[in-house]
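Undergrad: Structure incoming, see below.
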Amino acid sequence: MVDLFPIARAGLFAVNPERAHHLTLTALKLGLAGRDLRGDDPALATQVMGLSFGNPLGLAAGFDKDAQVPLAMLRLGLGHVEVGTVTPLPQPGNPRPRIFRLAQDEAVINRFGFNNSGLPVAKARLSGLPRAGGIIGANIGANKDAPDPLSDYEVGLQVLYPHADYFTANISSPNTPGLRDLQARENLEQLLTRLGRVREGFVAGGSSYKPLVLKIAPDLETKALEDIAEVVLASGIDGIIVSNTTIARPDTLHGSHIAEMGGLSGVPLFEPSTEVLRQMRRLTKGKIALIGAGGVHDGVTAYAKIRAGASLVQFYTAMIYHGPALIRHIKDELTELLKADGFATVADAVGADVD
Ligand SMILES: Cc1cc2nc3c(=O)[nH]c(=O)nc-3n(C[C@H](O)[C@H](O)[C@H](O)COP(=O)(O)O)c2cc1C
């Protein structure tokens with residue numbers, strides 16, 4: 001694949017980041033982003049939560065909120081794409097500007113606030129897709145003004161269950177007031193019970209079992225992580241994505257945007273999110289799948305997430321800075337790192353630094 005991104009990047013960085021994102025989506029819809037024609041090394045193939053992934057790399061939620069380009073993203077060589085966050089009703093999100101580049105830090109601050117076209121649009125798009133060529137997950141959330149946020153998650157799962165391969169309950173966006181309170185023990189128990197019941201209904205009706213995962217924040221104390229691990233292990237939920245963006249602002253950040261409200265992602269999130277991942281691996285002891293997200297930007301950081309306990313790795317912000325060729329680059333580097341350490345498959349390396 002010829003990498004035209006360095007040229008495109010100059011244009012994209014000359015306009016505001018939200019406009020750049022829309023231009024990127026348009027290019028993807030037009031098929032201008034290309035495809036990865038080289039197959040994946042067999043060492044990268046992996047079975048996680050009962051699903052077969054050609055490689056462990058995935059697009060994190062928030063890039064394709066309305067399921068406009070999942071197949072185009074899979075064609076770039078990803079093993080999975082997570083669309084959303086989708087809320088039951090369409091909502092505009094927060095006023096603009098609501099996304100800021102911290103270029104010196106290879107980071108972004110966003111406070112989009114779940115701008116999306118709502119469940120019926122996502123359902124229509126996902127139901128029209130051929131079910132081959134990679135795994136598609138659907139990330140579900142609650143509307144800003146939802147009287148009962150938990151029921152928004154139930155509705156999301158109910159509507160999308162037939163149309164995606166796995167589902168993520170996003171209870172960790174910092175940009176919807178009160179949302180992160182769903183991570184507290186009692187709320188979480190209720191949420192997971194209610195989502196489990198929706199899934200049981202589908203399975204009882206003859207649908208296949210599909211994995212359910214939870215997406216947590218990186219800003220949780222040890223006690224909160226222990227509670228989450230306990231509740232998740234008791235609930236029959238299949239995995240946890242560690243993590244969403246952070247509300248912390250590390251001292252290392254540069255530039256005028258660091259005071260903007262919102263969630264920070266990219267390179268400065270790598271260390272803190274990987275530490276939470278390690279803690280979660282210790283607490284869950286390999287009994288459920290962990291998906292590592294936060295600051296992955298090369299093979300080394302992807303490999304570190306895997307060694308910290310991640311069976312799958314997701315990224316978003318690094319794509320803004322490096323473009324689609326990053327996917328092939330990470331896969332090649334990761335394959336080399338696995339082989340250098342004597343791991344025959346990616347699954348063999350999961351948790352190697354913790355267990
Ligand atoms: C612009 C932007 C929008 C995002 N929107 C969502 C979202 O709608 N739902 C969600 O679960 N995570 C969302 N995220 C978080 C990412 O999925 C990911 O967890 C986080 O950015 C850390 O990964 P990264 O450092 O590779 O970007 C968003 C991130 C960014 C940068």
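Undergrad: Mind listing whichever residues of segment 295-314 are in contact with a strand residue (DSSP E or B) (Cβ under 8 Å, 6 or more places away or on another chain) and over 16 Å from ARG101 (Cα atoms)?
TA: VAL296, ALA302, LYS305, ILE306, ALA308, GLY309, ALA310, SER311, LEU312, VAL313, GLN314
Rundown of residues vs (1) closer than 21 Å to SER243 by Cα; (2) within 11 Å of the ligand (Cβ to nearest atom); (3) assigned to a helix (DSSP H, G or I); (4) under 16 Å from the mean Cα position of the chain (by Cα), yes/no style:
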| residue | (1), (2), (3), (4) |
| --- | --- |
| PHE100 | yes, yes, no, no |
| GLN104 | no, no, yes, no |
| ARG125 | no, no, yes, no |
| LEU129 | no, no, no, no |
| ALA146 | no, no, no, no |
| LEU160 | no, no, yes, no |
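Undergrad: So, one more: Among the residues of segment 320-346, how many are outside any helix (DSSP H, G or I), of a type outside the set (D, E, K, R) and over 25 Å from ALA20 (Cβ atoms)?
TA: Residues in segment 320-346 being outside any helix (DSSP H, G or I), of a type outside the set (D, E, K, R) and over 25 Å from ALA20 (Cβ atoms): 4 in total.
Undergrad: Report, ordered by the first and then the second residue, all pairs with beta carbons closer than 6 Å, sequence separation of six or more or different chains, a first member in segment 74-103 that is at positive phi, and a second member that is aliphatic (A, V, I, L, M).
TA: Sorted first by the residue in segment 74-103, then by its partner, the pairs are GLY77/ILE327; GLY84/ALA61; GLY84/ALA138.
Undergrad: Checking the conditions here, which among ALA20, ALA27 is within 15 Å of the ligand (Cβ to nearest atom) and either out of contact with any helix residue (DSSP H, G or I) (no Cβ under 7 Å at 6 or more places or on another chain) or not acidic (Asp, Glu) (or both)?
TA: ALA20
Undergrad: What's the total number of residues in segment 244-286 that are away from the ligand (no atom under 15 Å from the Cβ) and within 27 Å of PRO324 (Cβ to Cβ)?
TA: 2
Undergrad: Of the residues GLY263, GLY342, GLY295, only one is modelled with pLDDT of 95 or more and either of a type in the set (Val, Ile, Thr) or in contact with a Ser or Thr (Cβ under 6 Å, 6 or more places away or on another chain) (or both); which?
TA: GLY263
Undergrad: Is segment 47-55 home to any residue that is out of contact with any Leu (no Cβ under 7 Å at 6 or more places or on another chain) and closer than 25 Å to PRO174 by Cα?
TA: no
Here's the yes/no breakdown for (1) away from the ligand (no atom under 12 Å from the Cβ); (2) touching a residue at least 60 places away in the same chain (Cβ under 8 Å); (3) crowded, with 21+ Cβ neighbours inside 10 Å; (4) acidic (Asp, Glu):
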| site | (1), (2), (3), (4) |
| --- | --- |
| ILE288 | yes, no, yes, no |
| VAL300 | yes, no, no, no |
| ILE306 | yes, yes, yes, no |
| SER311 | yes, yes, yes, no |
| PRO324 | yes, yes, yes, no |
| ARG328 | yes, yes, no, no |
| GLU333 | yes, no, no, yes |
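Undergrad: Regarding ASP64, is this residue in contact with a helix residue (DSSP H, G or I) (Cβ under 7 Å, 6 or more places away or on another chain), of a type in the set (Asp, Glu), crowded, with 20+ Cβ neighbours inside 10 Å and touching a residue at least 24 places away in the same chain (Cβ under 8 Å)?
TA: yes
Undergrad: Considering only segment 35-67, how many residues are within 17 Å of the chain's Cα centre (by Cα) and farther than 18 Å from PHE315 by Cα?
TA: The number of residues fulfilling the criteria is 2.
Undergrad: Taking the condition basic (Lys, Arg) and surrounded by 20 or more Cβ atoms within 10 Å (Cβ to Cβ), does ARG35 pass?
TA: The answer is no for ARG35.
Matching residues to (1) buried (at least 24 other Cβ atoms within 10 Å of the Cβ); (2) in contact with a Phe, Trp or Tyr (Cβ under 9 Å, 6 or more places away or on another chain):
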residue: ASN116; (1), (2): yes, no
residue: GLY133; (1), (2): no, no
residue: LYS144; (1), (2): no, yes
residue: PRO147; (1), (2): no, no
residue: GLY156; (1), (2): yes, yes
residue: HIS163; (1), (2): no, no
residue: ASP181; (1), (2): no, no
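Undergrad: Please determine whether any residue of segment 177-191 is within 16 Å of the ligand (Cβ to nearest atom), modelled with pLDDT of 95 or more, within 20 Å of the chain's Cα centre (by Cα) and outside any helix (DSSP H, G or I).
TA: no
Undergrad: With respect to GLY206, determine if the residue is part of a loop (DSSP other than H, G, I, E, B) and in contact (Cβ under 8 Å) with a residue 60 or more places away in the chain.
TA: No.
The values are calculated or read from the model by the stated rules, or taken from the named source; none is laboratory data. Note that the structure is a prediction, hence the values are computed from the model and not measured. In this analysis, Cβ positions are derived from the backbone assuming ideal geometry, glycine residues included, and neighbour counts consider all displayed protein chains.
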